[in-house]
Amino acid sequence: MTASPLDTLIPHLRNLSDELSATLPFDKLKTSFKLPGKLRFTWPSFRLGNLEAKAPVVQGGMGVGISLSGLAAAVADAGGIGVIAANGIGLLEKDYYSDGRAANLRALRREIRSAREKSDGIIGVNIMVALNDFHQLLEVAIEEKVDVIFMGAGLPIKGLPVEAMRDAGVKAVPIVSSVRATEMIFRMWKKIYGDVPDGVVFEGPLAGGHLGFSRDQLDDPEVQLEAVVPHIVKALEPFEAEFSRKIPVIAGGGVYTGADIEAALELGAEAVQMGTRFVATNECDADPAFKQTYVNATEDEIGLIDSPVGMPGRAIRNEFIEASEAGNRPEFRCAWQCLASCKAGAAKYCISVALNNARKGRMKQGFVFAGTNAARVNAIVPVTELMGELAEGFRVAARERVASRLQQMTAGIAALRESYNTVWARAGELRERYEKALDTRIRSAGDAGVEAIQQQYEETLARLRNLQFQIANTLADSWAVLRSVSASS
């Protein structure tokens, strides 16, 4: 078996620390040059207020019946946060076309209760702000005391039952696509409710489904996770200080592997939101044919659509989409105006009905939303297997990141040590010159340049002390990196 870089780096760091402690004045630092226990690279738990998920994974809410109680409960049982999507959930009911609003509320209540029966884990609900029954759906979720409500596709600001949420112990998490939207929501909540949300999901442009970006923005480096997440973390700091609470950022959009999760947490996020990976699971509530579409998809089939709701969306392009873009879709019946901004007439299809057909496996009458990485899916697996794969990927990535940091630090120590040896030799030369000059001045009573040599010598000693400090600091930081991933046995 090939040795891990850490297997050689740690003994090297230990030997280096012992050697330098013996030759440099590091006595007070020696106690920091050791580990309290074994190295552990497991992912951290995720805290959202008083909730704690064992895994820093939030399953994305996928509407029109893709993420219902089955998937949400399975993810919650596996240690993540399972999410039921409220959008179009009434299409599961027989009376949706006669009373879509009532069907939505009834179906949401049933799915929440079903998830609670299946799992003791953390269950959330995703509700689109743009829905015409947004507030009624909110009321149902609060009445059923879900653990957390995720609110996207609009700014959740006005007319929110914040007090009722707090009384029911429900956490509120908006989904945003910019720092500006984040700051606006938090400022307005503070002004209107004297409160702020419990967390934030930043959903980047690589996500599937409806996107909070224009087509021109999607490839812009300035709106990608790595660019935006650190700024949202920074923007939330004043609110954390004022309200004396941690407000975690959840990063979503394009997160596919355990290494992606580790990278997102390095950006400052506390957890990730993942949708695409959870579609290709046994427990996903869609028809097997829907899931198989992900397995069969090729990279060039994943593209953008202009949704009837007035936003760009990312989907697996198929005959249905191409026909609708050519204006060849047959006329349809709109059950009710579920979205005020909907332009289904111009598009000649209802997106909720199309997505519901796909959910049922009728791919010729609908299509599938998917993230940019959907073509990487090659199998349908149990949620527990997926979570295990993600955890292992995180562990490997975290270990590699620590090894890389230590390699850089030990290389830095080597360079500092080389500089130290050079300066030490220079100090020795100056000391000899100073002693000779001093002796000459005493014997001849003439100016032998003693003061100039003395000044150079003192400056050289100061450089030595500074290099000692840098070496000590880098050594301490190296061990601190290891201690951050070590735990007592």
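The values are calculated or read from the model by the stated rules, or taken from the named source; none is laboratory data. Small disclaimer: the values here were computed from a predicted structure and weren't measured. As a convention, Cβ positions derive from the backbone with ideal geometry for all residues, glycine included, and neighbour counts pool all protein chains shown.
For segment 430-489, what are the residues that are at pLDDT 75 or above, under 36 Å from the mean Cα position of the chain (by Cα) and of a type in the set (Gly, Ala, Ser)? Once the filter is applied, which keeps residues that are at pLDDT 75 or above, under 36 Å from the mean Cα position of the chain (by Cα) and of a type in the set (Gly, Ala, Ser), segment 430-489 yields Ala472, Ala476, Ser478, Ala480, Ser484. Just one of the numbered conditions (1) within 19 Å of the chain's Cα centre (by Cα); (2) free of Cβ contacts under 8 Å to residues at least 60 places away in the same chain; (3) within 27 Å of Gly371 (Cβ to Cβ) is not true of Phe213: (2). Just wondering, is there one or more residues in segment 205-214 that are buried (at least 23 other Cβ atoms within 10 Å of the Cβ) and either touching a helix residue (DSSP H, G or I) at 6+ places or on another chain (Cβ under 7 Å) or farther than 16 Å from Ile175 by Cβ (or both)? Checked against the condition, which is being buried (at least 23 other Cβ atoms within 10 Å of the Cβ) and either touching a helix residue (DSSP H, G or I) at 6+ places or on another chain (Cβ under 7 Å) or farther than 16 Å from Ile175 by Cβ (or both), segment 205-214 yields at least one hit.
Of the residues Gln224, Gln273, the single one that is touching a residue at least 40 places away in the same chain (Cβ under 8 Å), under 17 Å from Leu206 (Cα atoms) and among the polar types (S, T, N, Q) is Gln273.
The test for being among the acidic types (Asp, Glu) and either buried (at least 16 other Cβ atoms within 10 Å of the Cβ) or assigned to a loop (DSSP other than H, G, I, E, B) (or both) does not hold for Glu163. Looking across Gly253, Gly303, Gly258, one residue alone is modelled with pLDDT under 95 and either surrounded by 23 or more Cβ atoms within 10 Å (Cβ to Cβ) or closer than 22 Å to Val402 by Cα (or both). It is Gly253.
Rundown of residues vs (1) at pLDDT below 95; (2) in a helix (DSSP H, G or I); (3) touching a strand residue (DSSP E or B) at 6+ places or on another chain (Cβ under 6 Å), yes/no style:
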{"site": "Ser67", "(1), (2), (3)": "yes, no, yes"}
{"site": "Leu71", "(1), (2), (3)": "no, yes, no"}
{"site": "Tyr96", "(1), (2), (3)": "yes, no, no"}
{"site": "Arg109", "(1), (2), (3)": "no, yes, no"}
{"site": "Arg116", "(1), (2), (3)": "no, yes, no"}
{"site": "Val125", "(1), (2), (3)": "no, no, yes"}
{"site": "His135", "(1), (2), (3)": "yes, yes, no"}
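The set of residues in segment 309-355 that are modelled with pLDDT under 75 and closer than 17 Å to Leu131 by Cα comprises Cys334, Ala335, Trp336, Gln337, Cys338, Leu339, Ala340, Ser341, Cys342, Lys343, Ala344.
Yes/no matrix, rows are residues, columns are (1) within 22 Å of Leu225 (Cβ to Cβ); (2) part of a loop (DSSP other than H, G, I, E, B); (3) in contact with a Phe, Trp or Tyr (Cβ under 6 Å, 6 or more places away or on another chain):
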position: Lys145; (1), (2), (3): no, yes, no
position: Phe150; (1), (2), (3): yes, no, no
position: Pro156; (1), (2), (3): yes, yes, no
position: Ala172; (1), (2), (3): no, no, no
position: Arg180; (1), (2), (3): yes, no, no
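Glu451 passes every criterion in (1) in a helix (DSSP H, G or I); (2) surrounded by fewer than 18 Cβ atoms within 10 Å (Cβ to Cβ); (3) in contact with a helix residue (DSSP H, G or I) (Cβ under 8 Å, 6 or more places away or on another chain) apart from (3). Taking each residue of segment 357-381 that is outside the structural domain of Asp285 (by TED's automatic domain parsing) and without any contact (Cβ under 8 Å) to a residue 60 or more places away in the chain and looking for partners that are buried (at least 21 other Cβ atoms within 10 Å of the Cβ) and in a loop (DSSP other than H, G, I, E, B) with beta-carbon atoms closer than 6 Å, six or more apart or interchain, yields Asn357/Gly366. Scan segment 420-439 for residues that are surrounded by 15 or more Cβ atoms within 10 Å (Cβ to Cβ) and either outside the structural domain of Asp18 (by TED's automatic domain parsing) or among the hydroxyl-bearing types (Ser, Thr, Tyr) (or both) and the total you get is 2. Residues in segment 268-327 that are closer than 30 Å to Gly79 by Cα, assigned to a helix (DSSP H, G or I) and of a type in the set (D, E, K, R): 2 in all.
Among residues of segment 276-297 being among the small types (Gly, Ala, Ser) and over 14 Å from Leu68 (Cβ atoms), the one that is surrounded by the fewest Cβ atoms within 10 Å (Cβ to Cβ) is Ala289. For segment 54-97, filtered to residues that are of a type in the set (Val, Ile, Thr) and more than 23 Å from the chain's Cα centre (by Cα), the residue that is surrounded by the fewest Cβ atoms within 10 Å (Cβ to Cβ) is Val64. Taken over segment 140-160, the criterion of being farther than 21 Å from Val64 by Cβ and among the charged types (D, E, K, R) is satisfied by Glu143, Lys145, Asp147, Lys158.
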